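See structure below.
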Amino acid sequence: MQDLTEHRTPISLPILAVMDNAHPCSYLPERTAQMPLIVPERLVSPDEFDIMLAQGMRRSGRYAYYTACNGCQACEAVRIDVSKFVWSDSWRRILNRGDRLLQLEIGTPEYSEEKLRLFNLHRGLRDLSHGDGDYGPLEYEGFLVTTCCHSTLELRYYLEDALVALSVIDLGTLSISAVYTYFDPAQSKLSLGSYSVLKQIQMAQNAGLRWVYLGLYVEENSHLNYKARFKPQERYIQSHWVEFA
């Protein structure tokens, strides 16, 4: 851990510690990533969280982070201005089908064996584990239950009483930020990943929010480049938001 005075961060927050170690990139093979992990001293307020998101930061567990990789800018934060989002016929079909077949529960993040089984199934069948094996209860809680945000929720999707998808989201004053979504790969016909993004856009519109942040876009990563389909969108490139219409 480094002292804050030795490290520059995009936003001024009361910070307990910063960890900044190079590590193998999770998104592109044979690359080294530099993503400083910031440990806030207290829960981040909704207004502060909006500022963090607007400066390209993300949240994972109790950490906030941003990309600072040497010689690589492949990761681009993505956000949707929900007032401009175009509801195409295909998007409406996915939304209407999901609304017809699925039941949505919204609550605070909690651990359960059912969630852990589905999370590990999703990681395994979609080749997201990178050879690291399954998560255990403590790893799951550290990633998807613990938070540094004032307001974090999980969206639980059920098909005939069986949990088939779950999304963890953070709430700012003007924003919804998608932290992570996992789902049953056997239910691919329901387009569960896209459906959950559409539900978050719908939730933001209904609540009068402006932004839905979709995490990082990486063109060469098939698990992240699907986000390009949600347009118009903005991507954080060289410290500026650039619109892709």
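The values are calculated or read from the model by the stated rules, or taken from the named source; none is laboratory data. Only a predicted model underlies this, so the values are computations on that prediction, with no experimental measurement involved. Cβ placement follows ideal geometry from the backbone for every residue including glycine, while neighbour counts extend to all protein chains displayed.
Observations on the structure shown:
- If you check GLN103, GLN73, GLN55 for being under 17 Å from ILE176 (Cα atoms) and surrounded by fewer than 17 Cβ atoms within 10 Å (Cβ to Cβ), only one passes: GLN55.
- Extreme residue, surrounded by the fewest Cβ atoms within 10 Å (Cβ to Cβ), among residues of segment 76-100 that are in contact with a Lys or Arg (Cβ under 9 Å, 6 or more places away or on another chain) and among the β-branched types (Val, Ile, Thr): VAL86
- Residue within segment 137-149 that is crowded, with 20+ Cβ neighbours inside 10 Å and of a type in the set (Asp, Glu) present: no
- If the condition is being part of a strand (DSSP E or B) and not small (Gly, Ala, Ser), then segment 204-236 contributes TRP211, VAL212, TYR213, LEU214, LEU216, TYR217, GLN233, GLU234, ARG235, TYR236.
- Summed over segment 2-34, residues that are of a type outside the set (Val, Ile, Thr), outside any loop (DSSP other than H, G, I, E, B) and modelled with pLDDT of 75 or more total 3.
- Condition check for ALA77: part of a strand (DSSP E or B) and modelled with pLDDT of 95 or more: yes
- Residues that are crowded, with 16+ Cβ neighbours inside 10 Å, farther than 18 Å from VAL86 by Cβ and among the hydrophobic types (A, V, I, L, M, F, W, C), drawn from segment 221-240: LEU224
- Qualifying residue in segment 118-133 (condition: touching a helix residue (DSSP H, G or I) at 6+ places or on another chain (Cβ under 7 Å), outside the structural domain of LEU224 (by TED's automatic domain parsing) and farther than 23 Å from SER194 by Cα): no
- You will find that of VAL218, VAL212, VAL164, the residue that is in contact (Cβ under 8 Å) with a residue 24 or more places away in the chain, surrounded by 15 or more Cβ atoms within 10 Å (Cβ to Cβ) and in contact with a Cys (Cβ under 7 Å, 6 or more places away or on another chain) is VAL218 and no other.
- Subset of segment 174-187 [assigned to a strand (DSSP E or B) and free of Cβ contacts under 8 Å to residues at least 24 places away in the same chain]: THR181
- The listed residues are TYR180, TYR195, and the only one of them that is aromatic (Phe, Trp, Tyr), at pLDDT 95 or above and surrounded by fewer than 17 Cβ atoms within 10 Å (Cβ to Cβ) turns out to be TYR180.
- Which listed residue is of a type outside the set (Asp, Glu) and free of Cβ contacts under 8 Å to residues at least 60 places away in the same chain, from LEU155, LEU190, LEU171: LEU155
- Of the residues in segment 188-202, not one is in contact with a strand residue (DSSP E or B) (Cβ under 9 Å, 6 or more places away or on another chain) and over 23 Å from TRP87 (Cα atoms).
Residues checked against (1) closer than 27 Å to ARG31 by Cβ; (2) modelled with pLDDT under 95; (3) not in a strand (DSSP E or B):
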residue	(1), (2), (3)
ILE106	no, no, no
LYS115	no, no, yes
HIS122	yes, yes, yes
HIS130	yes, yes, yes
GLY142	yes, no, yes
GLU154	no, no, no
